[in-house]
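These notes concern the structure reproduced below.
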Amino acid sequence: MTTPSKNWKESISSLENEIFEKYKKPFSDLQLRKSEIHGVGRGLHRKQILGLSARLEILADIPDCAKCGLFSSPGKKDVFVRLSNGSLDTKPDREPDIRGFAIKVLDIKGAGSLGTPTESQDFLLINHAAFSFPDFESFIQVVLAAGEGIPSLIRHLIKKHGFIEGFKRLIASAKNIGKPFTGFATEAFHSAAPIAMGEYAAKVKINPKQKVKVSNTGDFAKDFSQYLVESDLEFDFQLQFYTEDNSTPIEDPTKEWTNSPFVTVAKLVIPKQEIDFVNESELSKKIKLAHFDPWNSLEVHRPLGQIMRARKHYYYISQQNRK
């Protein structure tokens, strides 16, 4: 195994907060407009596919570099899982989108990343190992333009990059979002950006353990439920540690980390349970109303990098707009 390093660092631009402030109101306004159409909901990942109960089983035999915070000692923790589509709108599952797998580990007590104690630890994962945009401003500009419709997105890309390059980027973005997706029980999900692991830094990944037959009905909730009829679903919960800047950069979210293997530190188990397809059960409602936020974390697992630092501001806006 490549040796994890403690020599990581964040690089924060003097203009970063100014950029974060610039887009707060446009983002908030867009979320509120979407809520007028679809009902009160999140700024992104609005559509909840399923809300599920689960457990995280932390393993005993893990590397010393992983033995901190949540992973300090073996044990089992209750978990909420929220499966979602990434759009600002509530689109049919068949439409291209980013897919989200959010995990809230419950019954935790410790110093939190926001300076106050926390009682849970959130991990927000997507079905991509890296982000498509090199910085937050590029990302939020596309989100705001796309939120007004495809013509608005095309105009934005052409204005910023020119006619030919703008269409190239539109095609690349469509290809990225339109990446084939076989289902929440069959694919790996990634944090895409790193978090602290005490003195170390790591990315998070969950990988399905079972080999299941791919079912593609166009309804992710029904597809997922089919796998829980006969048995539990299990995922390896893995960490990939920072080793050095070139192959495992902290600030470049577009680069998939290399030269650092994934290490399994826990097992995520989603047990057989009654599936609520319309998200109206008490559990589903509780998960739908809950805040899933990468900054809802233990201080030893605080989010790292510009994309994560931006999330601190924008997830808060999204939460306030849902009150």
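For the reader, a short list of remarks on this structure follows.
- Relative contact order, percent, the chain [alpha-carbon distance under 8 Å, six or more residues apart]: 26 percent
- In nm, spacing of pseudo-spin labels at LYS109 and LEU15 (7 Å Cα→C-beta vector): 4.7 nm
- Cut-off under 5 Å, modelled amide H: who pairs with GLY112 long-range: THR118, GLU299
- FRET efficiency estimate (nearest 0.05) - Cβ-Cβ, GLU165 to VAL40, R0 35 angstrom: 0.40
- Span-rule helices in the chain, defined as complete DSSP H runs reaching 20 Å or more along the axis (Cα) with Kyte mean at least 0.5: none
- Once both labels are positioned 7 Å from their Cα atoms along Cα-to-Cβ, the gap between LYS91 and ALA290 label points is 2.7 nm.
- Computed lengthening from LYS312 to ASP219, 0.36 nm per intervening residue step minus Cα-Cα distance: 30.3 nm
- Protein heavy-atom surface of region 269-323, 1.4 angstrom probe: 54% of the accessible area is carbon and sulfur, with nucleic acids and ligands not counted.
- Take every Cα pair under 8 Å whose residues are at least 6 apart in sequence, average their separation, divide by the length of region 127-272, and the relative contact order is 24 percent.
- In this structure LYS286 has an accessible area near 120 Å², from a 1.4 Å probe over the protein heavy atoms.
- Test item: Cα-centred dipole of region 135-229, Lys/Arg +1 and Asp/Glu -1 on Cβ, debye: 320 debye
- Accessible area expressed per residue, region 220-313, with surrounding protein chains retained (probe 1.4 Å, Å²): 43 Å²
- The value of relative contact order for region 1-143, using C-alpha pairs under 8 Å at least six residues apart, is 18 percent.
- ARG33 paired with LYS209, simple spin-label distance in nm, labels 7 Å along Cα-to-beta-carbon: 4.7 nm
- Accessible-area rank, largest first, for ARG169, ARG322, ARG46: ARG169, ARG322, ARG46, with all protein chains present and a 1.4 angstrom probe.
- For region 109-119, 3J(HN,Hα) per residue [Karplus equation, 6.51 cos²θ - 1.76 cosθ + 1.60, θ = phi - 60°, Hz, x = Gly/Pro]: 9, x, 5, x, 5, 9, x, 10, x, 10, 10
- Look at where the Cα atoms of region 82-118 and of region 161-195 average out, and the two centres are 18 Å apart.
- The simple Förster model, with R0 at 41 Å and r as the Cβ-Cβ distance, assigns LYS76 and ASN7 a FRET efficiency of 0.75.
- Candidates VAL269, VAL278, VAL300: whichever shows maximal mean-square fluctuation once the chain is modelled as a Gaussian network with Cα springs under 10 Å: VAL278
- Between region 120-155 and region 42-66, the Cα center-to-center distance that results, in Å: 22 Å
- Here the sum of -39500 (n - 2.57) over DSSP H runs of 4 or more residues, divided by the residues of the chain, equals -9000 deg cm²/dmol at 222 nm, to the nearest 500.
- Heavy-atom accessible area with a 1.4 Å probe sorts PHE220, PHE277, largest first, into PHE277, PHE220.
The values are calculated or read from the model by the stated rules, or taken from the named source; none is laboratory data. Quantities reported herein were computed from a predicted structural model and do not represent experimental measurements. Quick reminder, even Gly has a Cβ in these numbers, built from the backbone with ideal geometry, and neighbours come from all protein chains shown. The area values use the complete protein model at the heavy-atom level, side chains included, leaving out ligands, DNA and RNA. Shrake-Rupley method; radii C 1.70, N 1.55, O 1.52, S 1.80 Å.
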